[in-house]
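The values are calculated or read from the model by the stated rules, or taken from the named source; none is laboratory data. Note that the coordinates shown come from a computational prediction; the quantities given were computed from them, not determined experimentally. When we count neighbours, we look across all protein chains shown, and the Cβ atoms used for this are built from the backbone with ideal geometry, even at glycine. Remember, those area values only see protein heavy atoms, side chains included, never the ligands or the DNA or RNA. Shrake-Rupley method; radii C 1.70, N 1.55, O 1.52, S 1.80 Å.
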Amino acid sequence: MSVVTIAREGKIAVVTVDNPPVNALSQAVRQGLCDAVAALDADPDVAAVVLACAGRTFIAGADVSEFDKPPQPPHLPDVVAAIELAAKPWIAAIHGSALGGGFEVALGCRFRLAAPEASVGLPEVTLGIVPGAGGTVRTVRLAGVETAVDLVTTGKPVRAPRALELGLVDRIIVGDLRSGAIAFAQDLPDELPVPLSLRPAPTVPEAFWDNAETIIAKRVKGETAPLRALACLRRATEVDFAAAMQFERTTFLDLRASKQAAALRHVFFAERAAPRPAALAGIEARSLRNAAVIGGGTMGAGIAAALRDAGLPVILIERDDAAVERGLANLKTIFDGAVKRGRLTEAAAEARLAGVTGSTDYTALADTDLVIEAVFEELSVKRQVFDALGRVCRADAVLATNTSYLDPREIAKGLPGPDRFIGLHFFSPANVMKLLEIVPTPETDNTTLATGFALARLLGKVPVRAGICEGFIGNRILKRYRAEAEALVRQGVAIADVDAAMRAFGFAMGPFEAQDLGGLDIAFLQREGARAAGRDVPETLGDILVRAGRKGQKTGGGWYDYEAGDRRPLRSQDVAQLLRDQIKPGTALDAATIADRLVGAMAREGEAILAEGVAEKASEIDLVEIHGYGFPRWRGGPMFCTSAGG
Ligand code: T1G
């Protein structure tokens, strides 16, 4: 069946792309579009052409799965040029998302019409490349440099109403898009807009580019595509169209072969595979009409906020009225923060909060579909919660623990219907962090597991199935990462040099700065708990600091000293004194060596996790590190960047 078809509506031809799942611009689609231009230009009865797409979205871009292969003709720039310079005007009718090459095809059309919920964008930099079919050169001519710089260097799509304001689309079609577009095509102005390739580019002062480069360089750290995209946009205003297109194409082909682009493609496909594991294909999840959270502390409130963001009514259970009030106040703080950041309107925040019912009465959960426990990390406390849940909840209610370190099998001991019990490990702040480790016990049935993944899709999370071991996948690797960082310090590498190296690698902060921010005592208490349980847990440098009262920023000092009210880390003489017997004379290692050591340690732990079956795929370990621990996305994750492809 042809992926590009032509229908006639009087003098209007409707060209429809139908290449599921997202109408990606495969070679067949590109060829079909070129053939349609030739056929319709040759048809004297055709006055104008509507370009539409079947399925859920307009063209979502070039076919990313073709990127590892040599580009096949017709190349997309030629397809866009054919449409742009066709004898008959083409009108893009956009629903869903017109992204990357999809928006570039729309830029080749004389007009762009959009459904109200549609969006347009040039997300190429998120794949480590730049637009390769005129996206930079035409967008500056259509909407000016400020809009073009924002669209291209962030890669963020723009919803239709905003796109209309910016001039990226010409009209929003309410109601049936196809018929609205045909009506528009039947009533075109006598004087059509000049094709973008024939329009002059704006004149831009040098200072604009200098300022843009400074802002972007600060934001992107080691990522190369955004600054290369800026260079394409600048070139598009300094040379003629053809030369600018050549520069853009050369840049695109150069970046497409880069390690960062390979890494970002690796993450792109891993993220899309994660929410629908093959092992659960055909398994129906339980319906989720409502939920409850036990515990209104930082994690519980964050989880409740995430559930409310997804539109689920939530019952928040706490042990007494005062704790309920504190939990609701925590939720209000979260939603008020979203309003301050412009993510929510006041009304939306009120509605979020109105959908939460605080209670101390477990019988309120008699008709709850999903209960997530997020109480103190103490086995006896969690067991009490599940004893109560086992008594009051429906037999088919999914009961989940948010535990980070405890063994879910121990928590579920004695629970009626253990097949509906599962671990759902959220990361703080739970309404922001994308990662969700899904931890089934041997008794968890597939319906419950599928419900965990359905919840992740509903919450917009990146789910990764994890086997049961201490720390599951992420915290187990974190422990190994920190131990390797301490090993470097023991051999004389300066604490600040380790952190600087990991920031240079692409982390927002190094391992020691991060502990000072989060608190050294959390991991210390885990280790002390394991020691109390009789396990042999060697003393760490962190233990020495915590025992000396140095728990991090919250106590004015941890690995670093801090001036009152100032978060800047200062080298600490006290720490040097406390650790003097643990550290050999100074060893200086360069940043790359430090990063190799620490990322290598993460990857080796990842290999062990794979060998034990705690994770199923290396790419899922990469997702855990990227979405749970800030591993730089453009590196692909520890497994990718230490593999042959990395
Ligand atoms: N190429 C190939 N497959 C794609 C694809 C693409 N561009 N986009 C999505 N898929 C697959 C995806 O792997 C999944 O497959 C299925 O479609 C559904 O995806 C020349 C060079 C469009 C917003 O970066 O942002 O154009 O797992 O689960 O949630 O300048 O997909 O089902 O087998 O994400 O509804 C630029 C990337 C490319 C868009 C839909 N375009 N895609 O989201 O579905 S570079 C992009 C998305 C480019 C030009 C350059 C989203 C979506 P499977 P999904 P969704």
Could you tell me which residue of region 1-45 is surrounded by the fewest Cβ atoms within 10 Å (Cβ to Cβ), considering only residues that are within 16 Å of the ligand (Cβ to nearest atom) and of a type in the set (D, E, K, R)?
-> Asp18
Among the residues of region 425-449, the number that are more than 13 Å from Val614 (Cα to Cα) and either touching a His at 6+ places or on another chain (Cβ under 6 Å) or open to solvent by 10 Å² or more (accessible area, probe 1.4 Å) (or both) is 13
Consider Asn23 carefully, then state whether it is in contact (Cβ under 8 Å) with a residue 60 or more places away in the chain, assigned by TED's automatic domain parsing to the domain that holds Ser197 and polar (S, T, N, Q).
-> yes
Go through region 307-319 and give me each residue that's outside any loop (DSSP other than H, G, I, E, B) and open to solvent by 10 Å² or more (accessible area, probe 1.4 Å).
-> Arg308, Asp309, Ile315
When residues of region 47-63 are limited to those that are of a type outside the set (D, E, K, R) and surrounded by fewer than 19 Cβ atoms within 10 Å (Cβ to Cβ), the one nearest to Ser2 (Cα to Cα) = Ala54
Inside region 313-364, can you point out the residues that are among the hydroxyl-bearing types (Ser, Thr, Tyr) and at pLDDT 95 or above?
-> Thr333, Thr357, Ser359, Thr360, Tyr362, Thr363
So how many residues does region 165-200 have that are of a type in the set (S, T, N, Q) and touching a helix residue (DSSP H, G or I) at 6+ places or on another chain (Cβ under 6 Å)?
-> 1
How many residues are surrounded by fewer than 18 Cβ atoms within 10 Å (Cβ to Cβ) and assigned to a helix (DSSP H, G or I) if we restrict to region 369-389?
-> 7
Does Pro89 meet the test of being in contact with a Lys or Arg (Cβ under 7 Å, 6 or more places away or on another chain), within 16 Å of the ligand (Cβ to nearest atom) and closer than 20 Å to Leu168 by Cβ?
-> no
On the given criteria, is Ala366 among the hydrophobic types (A, V, I, L, M, F, W, C), in contact with a Cys (Cβ under 8 Å, 6 or more places away or on another chain) and surrounded by fewer than 21 Cβ atoms within 10 Å (Cβ to Cβ)?
-> yes
Which one of Ile473, Ile422, Ile468 is closer than 17 Å to Leu610 by Cβ and surrounded by 22 or more Cβ atoms within 10 Å (Cβ to Cβ)?
-> Ile473
Pick from region 269-298, criterion at pLDDT 95 or above and in a helix (DSSP H, G or I), ranking: nearest to the ligand (Cβ to nearest atom) | Glu271
Quick one: in region 179-218, of everything that is β-branched (Val, Ile, Thr) and without any contact (Cβ under 8 Å) to a residue 12 or more places away in the chain, which residue is most open to solvent (accessible area, probe 1.4 Å)?
-> Ile215
Checking Leu230 against (1) open to solvent by less than 30 Å² (accessible area, probe 1.4 Å); (2) within 14 Å of the ligand (Cβ to nearest atom), which test does it fail?
-> (2)
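A quick yes/no check of all residues on (1) touching a Ser or Thr at 6+ places or on another chain (Cβ under 9 Å); (2) farther than 30 Å from Glu437 by Cβ:
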{"residue": "Pro538", "(1), (2)": "no, no"}
{"residue": "Asp566", "(1), (2)": "no, yes"}
{"residue": "Asp596", "(1), (2)": "yes, no"}
{"residue": "Ala601", "(1), (2)": "no, no"}
{"residue": "Gly606", "(1), (2)": "yes, no"}
{"residue": "Val624", "(1), (2)": "no, no"}
{"residue": "Arg633", "(1), (2)": "yes, no"}
Name the residue, out of Ile594, Ile544, Ile609, Ile583, that is surrounded by 13 or more Cβ atoms within 10 Å (Cβ to Cβ) and not in a helix (DSSP H, G or I).
-> Ile583
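Residues checked against (1) surrounded by 24 or more Cβ atoms within 10 Å (Cβ to Cβ); (2) within 13 Å of the ligand (Cβ to nearest atom); (3) within 19 Å of Val158 (Cβ to Cβ):
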| site | (1), (2), (3) |
| --- | --- |
| Ser65 | no, yes, no |
| Pro71 | no, yes, no |
| Leu85 | no, no, no |
| Ala93 | yes, no, yes |
| Gly96 | no, yes, yes |
| Phe103 | yes, yes, yes |
| Gly108 | yes, yes, yes |
| Ala115 | no, no, yes |
| Ile129 | yes, yes, no |
For Ala81, work out the one condition from (1) aliphatic (A, V, I, L, M); (2) surrounded by 24 or more Cβ atoms within 10 Å (Cβ to Cβ); (3) within 14 Å of the ligand (Cβ to nearest atom) it doesn't fulfil.
-> (2)
Look at Glu213 and say whether it is more than 23 Å from Arg249 (Cβ to Cβ) and either among the aromatic types (Phe, Trp, Tyr) or away from the ligand (no atom under 16 Å from the Cβ) (or both).
-> no
